[in-house]
Amino acid sequence: MHIGILTGGGDCPGLNAVIRAVTLALLRDGASRVTGIERGFHGLLAGRSRPLAADDVAGILAVGGTILGTHNLCDPFHDREAGGADHSAQALAYARGLGLDGLVVIGGDGTMTIANRFQQLGLPVVGVPKTIDNDLPYTDRTFGFDSAVAVVAEALDRLSTTARSHGRVMIAETMGRYAGWIALEGGMAGGADAILIPESPFDVERVAELCRAREARGGVGGCTLICIAEGAHAQDEGLTVRAMLPNSPDPLRLGGVGQALQYRLQPLVKSEVRTTLLGHTQRGGSPTAYDRVLATRFGFEAAQLVKAGRFGRMVALQGEDVTSVALADVAGRSRPVPPDHPLLQAARGIGVSLGV
Ligand code: F6P
């Protein structure tokens, strides 16, 4: 069997661990070949690929990013740089020219949607769910999420000591797009006093009340640590958009809501309010041990699906088990934090404000 492998969308810690596991698991039987497609689907259009041998994936388990490169502006079915032209036939022809029997596609929701379209066109695909946002349906976790949460937790630890020393309100803004998973789990891990997520629009006055109540305590307990997701918004405001990228399949780039909250909060409280934008620090660097193991399990499972000819599936974690779901069920869907999620209940139960 000759299998292509590509990484699409934004990068995240653990991509190399999947590439390594898929390659090693497929090469073990001596009957398979693996080709890495460079820079996501763009590589299928630009004709960029290279063979992957065991030596090519040696020493990459703990390395962040992706050795194949990625691209989050490329949709062969709607090439925006070419006025929205459909270049999928060109991509398909390149895959056929390489003699690929199938493709392992590692990516988030946009990448899975494109992967599903290739599957429908007759290029067999197995998907592997990647994103720090943890917002893909039918999988309890995506790899990369745990690493992002670890960055947020460490940042909050650091912000809390300086917040206490100065009696400040410290706002930390996380990534996560339209889902609050990173802010919720990172905020809980870092002991945030308030966690603001997109699924539950917040009331600025309620957040100010919390800060004032903490100020009234004085001393080192008088500071407030707020963890806010980039997709969160006040009840009387819309999303805070950092940039519009018209050539992207996902043109809205969020960011800046932490700063916006700072401006609204400052006149309502006595302490100084400061904001830290965690940004791409959450996506870079080495994956956590948990993500290395999850990514390896996902890569191994993807190889098993390929060997069994079970294409049109996406690997998934359900409870403790790595299983798979239909790619068509995942395409075009996302997974917000449900209002009755146990972690939200725990947050409320220990007095963490959700700003409502
Ligand atoms: O989907 C992953 C993610 O990091 C989001 O959390 C964030 O909104 C987006 O990608 C940022 O994308 P870019 O790096 O293209 O600005």
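A compact table of results
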{"item": "Restricting the range 243-270 to residues that are of a type outside the set (A, V, I, L, M, F, W, C) and at pLDDT below 95, the residue that is surrounded by the most Cβ atoms within 10 Å (Cβ to Cβ)", "result": "PRO249"}
{"item": "Among the candidates GLU230, GLU237, GLU205, GLU215, residue that is among the acidic types (Asp, Glu) and crowded, with 24+ Cβ neighbours inside 10 Å", "result": "GLU230"}
{"item": "Output for the range 128-155, where each listed residue is under 8 Å from the mean Cα position of the chain (by Cα), open to solvent by less than 10 Å² (accessible area, probe 1.4 Å) and of a type in the set (Val, Ile, Thr)", "result": "ILE132, THR142"}
{"item": "Qualifying residue in the range 201-223 (condition: in contact with a helix residue (DSSP H, G or I) (Cβ under 9 Å, 6 or more places away or on another chain) and within 16 Å of the ligand (Cβ to nearest atom))", "result": "no"}
{"item": "Any pair with Cβ under 6 angstrom, 6 or more apart, that starts in the range 234-261 at a residue that is without any contact (Cβ under 8 Å) to a residue 40 or more places away in the chain and within 17 Å of GLU199 (Cβ to Cβ) and ends at one that is among the hydrophobic types (A, V, I, L, M, F, W, C) and part of a helix (DSSP H, G or I)", "result": "ALA234/VAL204; THR240/VAL257; THR240/ALA260"}
{"item": "Elements of type helices (runs of 4 or more DSSP H) contained in the range 1-102, each with 1 or more residues being under 18 Å from VAL128 (Cα atoms) and open to solvent by less than 40 Å² (accessible area, probe 1.4 Å)", "result": "15-27, 41-46"}
{"item": "Candidate set from the range 166-189 (those that are under 16 Å from GLY258 (Cα atoms) and among the small types (Gly, Ala, Ser)); member that is surrounded by the fewest Cβ atoms within 10 Å (Cβ to Cβ)", "result": "ALA179"}
{"item": "Residue list for the range 262-294, filter: aromatic (Phe, Trp, Tyr) and free of Cβ contacts under 8 Å to residues at least 60 places away in the same chain", "result": "TYR263"}
{"item": "Any hit, the range 104-113, residues being closer than 15 Å to GLY14 by Cβ, open to solvent by 40 Å² or more (accessible area, probe 1.4 Å) and not in a loop (DSSP other than H, G, I, E, B)", "result": "no"}
{"item": "Hey, LEU136 assigned by TED's automatic domain parsing to the domain that holds ILE19 and at pLDDT 95 or above or not", "result": "yes"}
{"item": "Checking GLY30 against (1) under 15 Å from ALA295 (Cα atoms); (2) more than 16 Å from the ligand (Cβ to nearest atom), the condition it does not meet", "result": "(1)"}
{"item": "The range 149-168, residues that are in contact with a Lys or Arg (Cβ under 7 Å, 6 or more places away or on another chain) and either within 14 Å of the ligand (Cβ to nearest atom) or part of a strand (DSSP E or B) (or both)", "result": "none"}
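Per-residue answers, yes or no, for (1) in the same structural domain as ASP75 (by TED's automatic domain parsing); (2) closer than 30 Å to ASP29 by Cβ; (3) not aliphatic (A, V, I, L, M):
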| site | (1), (2), (3) |
| --- | --- |
| ASP291 | yes, yes, yes |
| ALA295 | yes, yes, no |
| GLY319 | yes, yes, yes |
| VAL322 | yes, yes, no |
| ARG335 | no, no, yes |
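The values are calculated or read from the model by the stated rules, or taken from the named source; none is laboratory data. These figures come from a predicted structure and were not determined experimentally. Cβ sites come from the backbone with ideal geometry, for glycine too, and all protein chains shown count toward neighbours. Ligands, DNA and RNA are stripped out before the accessible areas are found, and what is left, the full protein with its side chains, is counted by its heavy atoms. Shrake-Rupley method; radii C 1.70, N 1.55, O 1.52, S 1.80 Å.
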